[in-house]
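Colleague: I am attaching a structure below and will ask some questions about it afterwards.
The values are calculated or read from the model by the stated rules, or taken from the named source; none is laboratory data. It should be emphasised that the depicted structure is a prediction, and the values quoted were computed from it without experimental measurement. Here the Cβ positions follow ideal geometry from the backbone for every residue, glycine too, while neighbour counts run over all protein chains shown. With ligands, DNA and RNA removed, areas are computed over all heavy atoms of the protein, side chains included. Shrake-Rupley method; radii C 1.70, N 1.55, O 1.52, S 1.80 Å.
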Amino acid sequence: MFANGHTVIQLMEKLAPKHYAVENDKIGLQLGTLNKAIDKVLIALDVTDEVVDEAIAAGAGLIIAHHAIIYRPLAKLDTSTPAGKLYEKLIKNDIAVYISHTNLDVADGGINDWLADQIGISASGRQCLEEVHTDKLYKLVVFVPESHHEQLLAALWRAGAGEIGNYSQCSFNIKGTGTFLPGPGTHPFLGEQGKLEHANEVRIEVIVPHSVHRKAVQAMLKAHPYEEVAYDLYAVDLKGRAFGLGRVGKLEQEVSLSELAESLKQAFDVPALRVVGQLDRSIRKAAVLGGSGARYVRHAIFAGADVIVTGDIDYHTAHDALAAGIAIIDPGHNIEKVMKQQVADWLNGQLQATKSETKVIASTLNTEPFTFI
């Protein structure tokens, strides 16, 4: 069976949750409906007239794109304008458009991590340039009979509970005696109706991030043998994992600015790029931010980066960078096209795991607006 559009997006939001997006970013469903079966999904960087034609030819009922097609509220829908014609073509061909923008930039294993991988920034010690979201933490406390102690812990680990920093499967466990009196109509796992039961139980305490707390609670309830489960879930005043825009870290191997720039032309499939700084300077620590990154140069300086790789650098920002002693490599905004195949592969894997027949394809069109001559 083909997946419903809502199901496809639920899977997509496992990779790039909407709450990761920066404030006022234009994300989510922008046109059409998700309440339909989806045969094919097209992943695109931009939604242009040619990309819509590609979706029509492929039989795609949904486009998941990185860049929004509606940036501000529409005063009217004039189909004689380029934008209006685009919306009209999408509606007439029953193609929905869903946008995953800064939430996909911020996500672990999202655009900025894919770009960092191509640059050669080590995954070990890699950090974000600007924090935009911190995962709130909860403490989950549950009481379980000793016979199901390990089974319940395993279910919590699979749900993502018990992670503290770089440590996983963290818990605290105390043995004790639980009491309960099964009333009329109950079917107790232990004991009998109308008789006070004293049970050997274990109190389990685990930290649960907000991003998985519902999943963890459901996994706990499913694995627990009692029909009425005694548990507590409360917020704790601790800082959880930070998520943010851009990445910064040490390169796997020290190179010159010239060598790095040449390697990135091939890695990003660009015919040319702009470089700010002495070409023979050594680069050991690099920052990257997909899209327009001029305002993040100071973040890269503060993080101790030797170079920042980003797009849309203006003249005055380049001079400021020279004065501050940080190099810049500007391969353009379009390098975010790395998301097309990456998202398609990831989403195909998720759909296959659900036994869905829906297929995801990456757009093959080049939406780079500039021609290098």
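Colleague: Ordered by residue, what ³J(HN,Hα) values in Hz, to whole numbers, does the stretch 92-97 give under the Karplus form 6.51 cos²θ - 1.76 cosθ + 1.60, where θ = phi - 60° and Gly and Pro are x?
Modeller: Along the stretch 92-97, the couplings run 5, 9, 6, 10, 8, 10 Hz.
Colleague: On a 0 to 90° scale, report how tilted helix 213-223 is relative to the longest principal axis of the chain, with both axes built from alpha carbons and the result rounded to the nearest 10.
Modeller: Helix 213-223 sits at roughly 40 degrees to that axis.
Colleague: With just the Cα atoms defining each centre, how far is the stretch 173-222 from the stretch 93-149? Give it in Å.
Modeller: Cα centres, the stretch 173-222 to the stretch 93-149: 31 Å.
Colleague: Now, a different point. Give the ranking of 370, 268 by solvent-accessible surface, highest area first, calculated with a 1.4 Å probe.
Modeller: So, going from the largest accessible area down, we get 370, 268.
Colleague: Cβ under 11 Å from residue 20's Cβ, residue 20 left aside: what net charge do those residues give with Lys, Arg +1 and Asp, Glu -1?
Modeller: Around residue 20, the charge tally is -4.
Colleague: When the dipole is taken about the Cα centre of the chain, and only Lys, Arg (+1) and Asp, Glu (-1) are charged at their Cβ, what size is it in debye, to the nearest 20?
Modeller: 420
Colleague: Work out from phi, with θ = phi - 60° and the Karplus expression 6.51 cos²θ - 1.76 cosθ + 1.60, the ³J(HN,Hα) of each residue of the stretch 235-243, listed in order in whole Hz, and give x for Gly and Pro.
Modeller: 6, 10, 8, 10, 7, x, 5, 8, 10
Colleague: Report the net charge of residues surrounding residue 313, where surrounding means a beta-carbon distance below 11 angstrom and charges are Lys +1, Arg +1, Asp -1, Glu -1.
Modeller: -2
Colleague: A further question on this structure: When only Cα pairs under 8 Å and 6 or more residues apart are kept, what is the percent relative contact order across the stretch 49-132?
Modeller: Taking the mean separation of contacting Cα pairs over the length of the stretch 49-132, I get 31 percent.
Colleague: Cut-off 10 angstrom, C-alpha nodes, Gaussian network model of the chain. Which of 194, 304, 110 fluctuates the most?
Modeller: 194
Colleague: Which far-off residues, 5 or more places away or on another chain, put their amide H under 5 Å from the one on residue 164, with H placed in the peptide plane?
Modeller: Those lying under 5 Å, H to H, from residue 164 are 170.
Colleague: Moving to a separate point now. Along Cα→Cβ, 7 Å out, is where each label goes; now give me the distance between the ones at residue 278 and residue 316 in nm to one decimal.
Modeller: 2.8
Colleague: Further question on the same structure: At a threshold of 8 angstrom on Cα-Cα distance, excluding pairs fewer than six apart, so keeping six or more, what relative contact order does the stretch 219-306 reach in percent? Numbers along the way, then the final one.
Modeller: On the way: 64 pairs, mean separation 29.1, N = 88.
Normalised by residue count, the contact order of the stretch 219-306 is 33 percent.
Colleague: Largest first, what is the accessible-area ranking of 18, 250, 89 with a 1.4 Å probe? List each step's numbers first, then the result.
Modeller: Working: 18 100, 250 125, 89 50 Å².
Order by accessible area, largest first: 250, 18, 89.
Colleague: Counting Lys and Arg as +1 and Asp and Glu as -1, each charge on the Cβ, what is the dipole of the stretch 107-227 about the Cα centre in debye, to the nearest 20?
Modeller: Once rounded to the nearest 20, the dipole reads 240 debye.
Colleague: Follow-up. Could you list the square roots of 5 times each eigenvalue of the Cα gyration tensor of the stretch 140-190, that is, the equivalent ellipsoid semi-axes, sorted largest first and rounded to whole Å?
Modeller: Three semi-axes, in Å: 28, 12, 9.
Colleague: Just in the stretch 3-66: which GluC sites (Glu not before Pro) are loop by DSSP and have at most 15 other Cβ atoms within 10 Å?
Modeller: Hits after loop and neighbour filter: 23.
Colleague: Could you sort 265, 222, 76 by their accessible area in this structure, using a 1.4 Å probe and putting the largest first? Provide the component values of the computation, followed by the final result.
Modeller: Values: 265 65, 222 180, 76 150 Å².
Largest to smallest exposure gives the sequence 222, 76, 265.
Colleague: Taking +1 at the Cβ of each Lys and Arg and -1 at the Cβ of each Asp and Glu, which of 272, 311, 148 sits farthest along the dipole of the chain towards its positive end, judged by Cα position relative to the Cα centre?
Modeller: The residue sitting farthest along the positive end of the dipole is 148.
Colleague: Can you bin the stretch 9-135 into rounded, prolate or oblate? Criterion: square roots of the alpha carbon gyration tensor eigenvalues sorted a ≥ b ≥ c, rounded for a/c under 1.5, prolate for a/b above b/c, oblate for the rest.
Modeller: Prolate shape, in that a/c is at least 1.5 and a/b is the bigger ratio.
Colleague: Would you mind checking the tilt of helix 149-158 against the longest principal axis of the Cα atoms of the chain, expressed as 0 to 90 degrees and rounded to 10?
Modeller: For helix 149-158, the angle is close to 20 degrees.
Colleague: Heads up, I need the accessible area for residue 190: 1.4 angstrom probe, whole protein in place, Å², nearest 10.
Modeller: 50
Colleague: With a bin width of 10 angstrom, please list the P(r) values of the stretch 328-373 as percents of all Cα-Cα pairs, from the 0 bin to the one holding the largest distance.
Modeller: Whole-percent P(r) values from 0 Å outward: 23, 38, 23, 13, 3.
Colleague: I'd like the trypsin sites (Lys or Arg not before Pro) in the stretch 182-221 restricted to DSSP loop residues with at most 16 other Cβ atoms within 10 Å, sorted by number.
Modeller: 195
Colleague: Same structure again: Only helical DSSP H runs with n ≥ 4 go in: add -39500 (n - 2.57) per run for the chain, normalise by residue count and round the 222 nm mean residue ellipticity to 500 deg cm²/dmol.
Modeller: Using -39500 (n - 2.57) per qualifying helix, the result is -8500 deg cm²/dmol.
Colleague: Who wins for biggest fluctuation among 104, 245, 257 in a Gaussian network model of the chain, springs between alpha carbons below 10 Å?
Modeller: 257
Colleague: Would you mind counting up the charge near residue 182? Only other residues with Cβ under 10 Å from its Cβ, with Lys and Arg at +1 and Asp and Glu at -1.
Modeller: Here the count lands on -3.
Colleague: 5 Å is the cut-off here: which amide hydrogens, built 1.01 Å from N in the peptide plane, fall below it relative to residue 29, excluding neighbours closer than 5 in sequence?
Modeller: Amide H neighbours of residue 29, under 5 Å, 5+ apart: 99.
Colleague: Another question, then. Could you compute how much accessible surface residue 114 exposes when probed at 1.4 Å, giving the result in Å² to the nearest 10?
Modeller: 30
Colleague: Under a 5 Å amide H to amide H cut-off, with H placed in plane at 1.01 Å, what residues pair with residue 133 once short-range neighbours are removed?
Modeller: Counting only residues 5 or more places away or on other chains, the set is 243.
Colleague: Kirkwood Rh and Cα-based Rg: tell me the resulting Rg over Rh for the chain, rounded to two decimals.
Modeller: 1.07
Colleague: Let me ask something additional. So, for the chain, what is the accessible surface per residue at a probe of 1.4 Å, expressed in square angstrom?
Modeller: 52
Colleague: Turning to a different aspect of this structure: Quick one: what are the phi-derived ³J(HN,Hα) couplings along the stretch 108-117, Karplus 6.51/-1.76/1.60 with θ = phi - 60°, whole Hz, x for glycine and proline?
Modeller: Values, residue by residue: 4, x, x, 4, 5, 6, 5, 5, 4, 4 Hz.
Colleague: Hey, which lysines would be in cross-link range of residue 355, C-alpha to C-alpha under 24 Å, not counting anything within fewer than 8 residues on its own chain?
Modeller: Filter leaves 14, 36, 40, 215, 222, 340.
Colleague: Here's another thing I want to ask about it. So for the stretch 260-373, averaging the separation of alpha carbon pairs under 8 Å that are six or more residues apart and normalising by length, what relative contact order in percent results? Don't skip to the end; give the middle numbers.
Modeller: On the way: 148 pairs, mean separation 29.1, N = 114.
The normalised contact order for the stretch 260-373 reaches 26 percent.
Colleague: For residue 170, tell me the accessible area in Å² from a 1.4 Å probe, rounded to the nearest 10.
Modeller: That residue has around 40 Å² of solvent-accessible surface.
Colleague: Roughly speaking, to the nearest percent, how much of the stretch 203-259's 1.4 Å accessible area is carbon and sulfur?
Modeller: 46
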